[in-house]
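Undergrad: Mind looking over this structure? Questions follow.
The values are calculated or read from the model by the stated rules, or taken from the named source; none is laboratory data. The structure presented is a predicted model; accordingly, all values stated were derived computationally and were not measured. Virtual Cβ from ideal backbone geometry, glycine too; neighbours counted across all protein chains shown. The area values use the complete protein model at the heavy-atom level, side chains included, leaving out ligands, DNA and RNA. Shrake-Rupley method; radii C 1.70, N 1.55, O 1.52, S 1.80 Å.
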Amino acid sequence: MGELPLDINIQEPRWDQGTFLGRARHFFTVTDPRNLLLSGAKLEAARNIVQNYRAGVVTPGLTEDQLWRAKYVYDSAFHPDTGEKVVLIGRMSAQVPMNMTITGCMLTFYRKTPTVVFWQWVNQSFNAIVNYSNRSGDAPISVRQLGTAYVSATTGAVVTALGLKSFTKHLPPLIGRFVPFAAVAAANCINIPLMRQRELQVGIPVTDEAGKKLGYSVTAAQQGIFQVVISRIGMAIPAMAIPPVIMDTLEKKDFLKRRPWLGAPLQVGMVGFCLVFATPLCCALFPQRSSIHVSRLEPELRAQIHQQNPSIKVVYYNKGL
């Protein structure tokens, strides 16, 4: 067997990102919770394989499948723009187990104000970590900006949840079960832009098709953040809309009435099942490497790109997750 060729493009995912199916296969791999079990040594080994290959050095005996596996292990733990290792619960592979637990508890303990406040706070704290860890670009954000964004987003989520809970107090119980979803959807519209406010201030890197950086664009940041908000809300719909309907029916049955302690684990399990599919499928709604026409960019950046290369009509950027 000969040495692995150096023309495999591991800058891009293994599957065609121009199709929804290709993006879905990519994100099923990226969000695989089993990646959380990998040791630090295995993560470093994967990083070495990827970085060496990009530098033109092939690890002896490396196969193409092993190269792609190393690329996805690397992508699951390291930020694509900064190269920094992402904190464990901020990785996309932590989405299913973390959201399964938090969402299940939000849906179970939705009746009392203290538990509503606690689980909304936990959820938005987790979301803040995920949003920061998976931001687009390499622009730094100060501790003060981060703290302000976190407090604002968490306060907004809690106020939204309590307001909706009060509004539905006199409505049928089934309606009340959907308060957590409405609060999460509203909070995503607050949390994500706030945690990524730096991108909205200075922009995110835009590149040509070959990956050469052309400048920073606020317009691209706005488009990317909007896409992420839509994906996150879509991700929450199955997990927060299907289990409440099933649980409302089950709680009227004698089996669950005699075993009320089964309610929470049953709900968490259903949420987990929904998230296993909803997480990668909703991440796949928009390409990770999104594009935008030069004509839609800021006038200054448009002029800068035209000066560098007048033939460029479309630029690319990492929308974040």
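Undergrad: Specify the residue that is least open to solvent (accessible area, probe 1.4 Å); the eligible residues are those in segment 57-80 that are in a loop (DSSP other than H, G, I, E, B) and more than 17 Å from L6 (Cβ to Cβ).
TA: Applying the filter and picking the extreme gives H79.
Undergrad: Filter segment 216-260 down to the residues that are basic (K, R) and either in contact with a helix residue (DSSP H, G or I) (Cβ under 7 Å, 6 or more places away or on another chain) or not in a helix (DSSP H, G or I) (or both) and list them by number.
TA: R232, K252, K253, R259
Undergrad: Right, next: Between a first residue in segment 107-120 that is over 14 Å from T160 (Cβ atoms) and a second residue that is open to solvent by 50 Å² or more (accessible area, probe 1.4 Å), which pairs have beta carbons less than 6 Å apart while being 6 or more apart in sequence or on different chains?
TA: Close Cβ pairs (under 6 Å, with a partner that is open to solvent by 50 Å² or more (accessible area, probe 1.4 Å)) amount to T115/F109.
Undergrad: Mind counting the residues in segment 274-321 that are among the basic types (K, R) and open to solvent by less than 40 Å² (accessible area, probe 1.4 Å)?
TA: Qualifying residue count for the region: 1.
Undergrad: Could you give me the residue pairs with C-beta distances under 9 Å whose first residue belongs to segment 1-29 and is more than 16 Å from D65 (Cβ to Cβ), whose second residue is aromatic (F, W, Y) and open to solvent by less than 90 Å² (accessible area, probe 1.4 Å) wherever it lies, and which are 6+ apart or on separate chains?
TA: L6/Y53; L21/W15; G22/W15; R23/W15; R23/F286; A24/W15
Undergrad: Still on this structure: Can you pull out every residue in segment 271-319 that is basic (K, R), free of Cβ contacts under 8 Å to residues at least 40 places away in the same chain and out of contact with any strand residue (DSSP E or B) (no Cβ under 7 Å at 6 or more places or on another chain)?
TA: Selection gives R302 alone.
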